[in-house]
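Okay, so here's the structure we're looking at.
The values are calculated or read from the model by the stated rules, or taken from the named source; none is laboratory data. Being a predicted model, the structure only gives us computed values, none of them experimental. Using ideal geometry, Cβ is built from the backbone for each residue, glycine included, and neighbour counts are taken over all protein chains shown. Just the protein is used for accessible areas: all its heavy atoms, side chains included, with ligands, DNA and RNA removed. Shrake-Rupley method; radii C 1.70, N 1.55, O 1.52, S 1.80 Å.
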Amino acid sequence: MLSKDFITKTLTFIANSIFINIFSKIFGMSNTIVAVSIVVIALTLVMIDLKEDIFRKTFLISMAIMLLGIGATVSAMNPVIGLIVNIVIIFAIVYQTVDNYKSPMYFPFLISYIFMLMSAPATYEELPLRIVSIIVGSLYILLIQLVLNKDRFKKTIFGTRKGIVFNIIQQIDNILDMEYDNKINHQVDGLINTVVTSIHHTKSKNKYITEKNKGNLEIALSLQNLNKSLRDFEDINTLNDDMKNCLIKVKKILGLVDEYFYHHNKKSNIIEDINIYIDEISQYRENKEINNIIKAINGIPIYLQLTEKHTDKSMWKKDLIIKNVVKKIDNIDSLEFKFALKMSLSVSLVIFLTNILNLTYGRWIIFPMISIIQPYYDETMTKAKNRVIGTIIGIILFTIIFSIVEDPAIRMNITIISAYIGLFITKYEYSTAIVAISALGSSAMRGGGIEILFWRIIFTIIGCIVAMLVNKYILHYRVSHSIEDLSSEYQRAVNKLNSINITKENETKIYNLKLNIKLMEHKLSGKSRGIK
């Protein structure tokens with residue numbers, strides 16, 4: 001039986017192909033690059049659930065892409081002006097989408113800007129049609145979200161919470177059998193991070209969190225604290241009757257938590273049953289291990305009811321969007337600022353040089369740079385090596401295939417199929433090989449000769465070398481520096497959370513601090529285990 005992932009990716013590929021073809025027929029071949037850019041952005045943003053306030057977010061995304069299109073037109077008119085425009089735009093793209101404890105989202109926007117700038121920049125006469133095409137094309141991002149992300153957040157939270165409950169119940173069974181399992185701790189922490197990240201992604205730029213998600217977050221944190229409290233039993237050789245009774249009742253509470261989200265008519269009864277079990281466990285409060293469990297689960301009934309509340313969005317201040325964007329620029333010592341400055345200066349300068357030298361395939365220098373210039377120097381060497389290896393593999397495969405196949409129609413289909421195959425390949429050097437085949441195939445069909453093989457490998461190597469030099473000598477930043485900075489930021493956030501007054505007015509600040517602290521904890525934990 002075909003997997004759901006295979007079917008989804010296949011149908012998405014077909015939909016993207018249809019969209020690009022229809023889009024090209026409506027807005028002309030010169031705007032095909034806009035359709036490609038829209039698809040790249042849509043497929044990346046599908047990892048984030050934008051359903052909360054989706055129409056406003058889609059509008060803001062379309063405005064951002066429109067600014068990229070206008071910037072590409074202005075930049076292409078004059079190399080010197082272009083240098084300045086590129087620095088500003090690339091800095092803005094990277095700075096607003098990179099984060100010290102989240103996956104960066106700058107790549108699709110930056111690659112789309114390079115597409116529009118170096119492959120098919122619109123003239124001033126063509127600019128109005130390009131702007132219209134971007135606005136209309138952005139509706140495809142809305143469509144992708146509505147189709148692929150239908151109930152995605154709800155399903156993620158529901159499934160992840162179920163996984164957390166299952167793992168903790170399994171840990172309790174292990175403890176009752178005197179076989180504590182440390183692996184479960186990492187599994188639970190990973191699932192907790194999924195919940196935290198999902199809630200973080202649903203926030204609007206104005207930082208507000210819905211009442212339902214406050215409840216989801218508090219339940220996740222309560223379950224994480226419960227899992228931590230179970231570690232007290234790791235070194236206990238014999239459980240007394242009180243401990244056994246407590247753990248059995250905790251299992252029943254967890255079962256009720258899981259059951260709560262299945263039943264609409266029995267929710268009040270489930271809350272009542274949970275409170276009864278908590279009261280029964282509380283009689284063993286003198287036991288230190290049991291007391292820690294009580295502290296972890298005591299608020300669960302309240303948090304479950306919080307997930308049923310509706311948010312009054314009238315209190316959300318829309319002007320906070322602008323304030324937060326401006327405020328973020330204050331910290332010039334941050335990873336975000338340094339990385340954005342490094343990326344914008346280096347990429348803009350190379351674009352300037354490729355324009356001055358009139359390098360036909362100069363974009364093949366830029367693309368490796370964008371991929372290989374990383375926030376941390378530690379990651380650069382490995383990625384550069386894999387990029388070159390992947391490109392060589394791609395060139396060899398392309399040469400063999402296109403030497404055997406000479407029919408233009410079949411070559412075009414091979415190029416399309418290679419792009420489809422790339423959807424299922426995650427290993428970087430192999431995905432790079434597929435990208436190389438697609439790029440070389442497209443260039444060959446546009447009249448490129450055997451020289452494109454030479455330029456592809458030479459420009460890829462140049463791009464990799466430049467990226468390594470940039471990461472080494474311009475605002476050098478290693479994982480060890482990140483750990484130091486993130487640890488300091490984490491401590492400041494914890495101190496702020498501990499000192500803030502718990503009032504209704506401070507509620508938004510408190511929940512944002514909780515989210516950020518949990519994200520930083522996971523990031524620091526990953527770095528300590530060697531996960532970049």
Debye log10 I(q)/I(0) for the chain, one point scatterer per Cα, at q = 0.05, 0.08, 0.09, 0.11 Å⁻¹ | -0.25, -0.63, -0.77, -1.08
In order over region 136-146: 3J(HN,Hα) from phi, Karplus 6.51/-1.76/1.60, θ = phi - 60°, whole Hz, x for each Gly or Pro, gives 5, x, 5, 5, 5, 5, 4, 4, 4, 5, 5
Relative packing of 290-300, 270-280, which averages over residues the other C-beta atoms within 10 Å, highest first = 290-300, 270-280
Counting other Cβ atoms within 10 Å, which trypsin sites (Lys or Arg not before Pro) in region 189-234 have at most 12 and lie in a DSSP loop?
-> none
With every protein chain present, what accessible area does K155 have (1.4 Å probe, heavy atoms only), rounded to the nearest 10 Å²?
-> 130 Å²
Measure of exposure for F6: accessible area at 1.4 Å probe, Å² rounded to 10, is 80 Å²
May I ask which of K252/K514; K155/K252; K244/K509; K155/K523; K228/K496; K427/K472 have a Cα-Cα span longer than 30 Å here?
-> K244/K509
If you keep only loop residues by DSSP, which GluC sites (Glu not before Pro) in region 458-532 have at most 14 other Cβ atoms within 10 Å of their Cβ?
-> E505
P(r) for region 12-95: what percent of alpha-carbon pairs falls in each 5 Å bin, starting at zero?
-> 3, 12, 17, 20, 21, 15, 8, 3, 0
Region 41-180: C-alpha pair distances exceeding 26 Å, % = 41 percent
May I ask you to list the aspartates and glutamates whose Cα is less than 16 Å away from that of K342, ignoring any residue fewer than eight positions away on the same chain?
-> D99, D333, D378, E379
Gained length - I396 relative to M412, 0.36 nm times residue gap less alpha-carbon distance | 4.0 nm
May I ask you to list the aspartates and glutamates whose Cα is less than 14 Å away from that of K383, ignoring any residue fewer than eight positions away on the same chain?
-> E429
Aspartates and glutamates whose Cα lies under 16 Å from that of K504, excluding same-chain neighbours fewer than 8 positions away = E211, D312
Which whole-number value in Å² is the accessible area per residue of the chain, probe 1.4 Å?
-> 49 Å²
Expected 222 nm ellipticity per residue - DSSP helices of 4 or more, -39500 (n - 2.57), all of the chain, to 500 = -25000 deg cm²/dmol
The chain: relative contact order in percent, alpha carbon pairs under 8 Å with at least 6 residues between | 16 percent
Neighbour net charge for S37 - beta-carbon separation under 14 angstrom, K R +1, D E -1 | +2
Percent of alpha-carbon pairs separated by more than 23 Å within region 121-215 | 53 percent
